[in-house]
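The values are calculated or read from the model by the stated rules, or taken from the named source; none is laboratory data. What you are looking at is a predicted structure, and each value in this text was computed from that prediction instead of being measured. Cβ placement follows ideal geometry from the backbone for every residue including glycine, while neighbour counts extend to all protein chains displayed. What goes into the accessible areas is simple: the full protein's heavy atoms, side chains included, and nothing from ligands, DNA or RNA. Shrake-Rupley method; radii C 1.70, N 1.55, O 1.52, S 1.80 Å.
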Amino acid sequence: KNDEKPRLFDINPARHLEYEISFSGIQKLMHDLSKVVADVLATIPFQTPPRRSVTLPFRASLTNGQDASELYTEALTHRRMLSDCLEFGAPLNYRYSWMSLGDLRLSKVHVKAEIKMTLDSPSLDPFMGVMVRGQHYFANFGHLIFVRQDGQVYLTMREDDSGKYHDEPIGKIADFNMRQFSCFDIAMDDAVFKIKVNNFSLSKKLTEIPYVFSSGRVIFIAGHCRIGVRNIRRYYLNGVKR
């Protein structure tokens, strides 16, 4: 903490403990480090189950109380069936607030789903969206389309190999209510990225995007909230419906 040098860029995002080089600082570090080690040891006997394989086409209504085991969430993620959808998310812990279609990695994909917010945190600005060609839940490691409470639609734009990115506003949904289901219709192939959310639509050529991932997972993101998802359908592999 007393060192004015910045942390190395590749470890800066990682979880870390900060401490002062002083007697009291070392005592506090010992206490904090002991707690972290205890938490790690407590989870050693348990392993997160592997992501299930997915058969295409995949469809899940999630409206009849029937969950779909192909939809993967981390073991610590809140997840339950409601009367009209599958609810998941961790408003205060973003790293556990996502769900993927197994470990399926696609370059050409078309996905539709209905999504709404079911719980938010008053101090945070919630958002919900769908990522394609995702590498993991970080927004700059995939092509994420998301919507905030004001109806503004964003597309994450990675700018280079270092991970630098920005959220680019691409349009706005009129009369948007985050607590009502919105229909996300997202498609990407070798040439075009098509985005449709309710009455908003946009088509971008991949040549207009500064950095394009070659393939990756389909990931549903609950940003600082819980979301309900239903009627996931119409996945295509290599541009061919199966």
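Using a 10 Å cut-off on Cβ atoms, rank the peptides 142-153, 59-70, 20-31 from the highest mean neighbour count down.
Per-residue mean Cβ counts within 10 Å order the peptides as 142-153, 59-70, 20-31.
Between Ser34 and Ala191, what is the label-to-label distance in nm when each label sits 7 Å out along the Cα-to-Cβ direction?
Computed distance between label sites Ser34 and Ala191 equals 6.5 nm.
In whole angstrom, and with the biggest value first, how far do the Cα coordinates of the range 125-242 range along each principal axis?
Answer, in whole Å and largest first: 36, 34, 23 Å.
Across the Cα atoms of the chain, what radius of gyration and what greatest pairwise Cα-Cα distance (Dmax) are found, in Å?
When restricted to the Cα atoms of the chain, Rg and Dmax are 19.8, 65 Å.
Among Ser123, Tyr165, Ser107, pick out the residue whose Cα is farthest towards the positive end of the charge dipole of the range 59-170, where Lys and Arg carry +1 and Asp and Glu carry -1 on C-beta, about the Cα centre.
Of Ser123, Tyr165, Ser107, it is Ser107.
Can you give the translational diffusion coefficient of the range 77-123 in µm²/s, computed by Stokes-Einstein from the Kirkwood radius over Cα pairs at 25 °C and 0.890 mPa s?
Rounded to a whole number, D works out at 191 µm²/s.
If you place +1 on the Cβ of every Lys and Arg and -1 on the Cβ of every Asp and Glu, how big does the dipole about the Cα centre of the range 145-217 come out, in debye to the nearest 20?
The calculation lands at about 240 debye.
Give the residue from Phe181, Tyr154, His143 lying farthest towards the positive end of the charge dipole for the range 124-242; charges sit on Cβ (+1 for Lys and Arg, -1 for Asp and Glu) and the dipole is referred to the Cα centre.
In the range 124-242, that residue is Phe181.
Please determine, in degrees from 0 to 90 and to the nearest 10, the orientation of helix 23-42 with respect to the longest principal axis defined by the Cα atoms of the chain, where the helix direction is its Cα long axis.
Value to nearest ten degrees: 50.
Let me have the 222 nm mean residue ellipticity of the chain computed from DSSP H runs of 4+ only, each contributing -39500 (n - 2.57), with the sum over all residues rounded to the nearest 500.
It lands at -3000 deg cm²/dmol.
Quick one: of Lys116/Lys164; Lys116/Lys196; Lys108/Lys196; Lys108/Lys164; Lys1/Lys28, which pairs are farther than 22 Å apart, Cα to Cα?
Lys116/Lys164; Lys108/Lys164
Using the Cα centre as the reference, give the magnitude of the dipole from point charges on the C-beta atoms of the chain (Lys, Arg: +1; Asp, Glu: -1; all else neutral), rounded to the nearest 20 debye.
About 920 debye.
How large is log10 I(q)/I(0) at q = 0.14, 0.15 Å⁻¹ when the Debye formula is applied to the Cα atoms of the range 96-158, each weighted equally and without solvent?
Values returned for q = 0.14, 0.15 Å⁻¹ are -0.45, -0.51.
Long-range amide H contacts for Ile170: which residues qualify at under 5 Å (H placed 1.01 Å from N, peptide plane, sequence gap of 5 or more or a different chain)?
Placed amide hydrogens put Val153, Tyr154, Leu155 under 5 Å from Ile170.
In Å², and per residue, what accessible area does the chain have when probed at 1.4 Å with the other protein chains present?
Solvent-accessible surface per residue comes out at 56 Å².
Sort the following peptides by mean Cβ neighbour count (other Cβ atoms within 10 Å, averaged over residues), highest first: 159-165, 103-109, 222-228.
Put in order of decreasing packing, that is 222-228, 103-109, 159-165.
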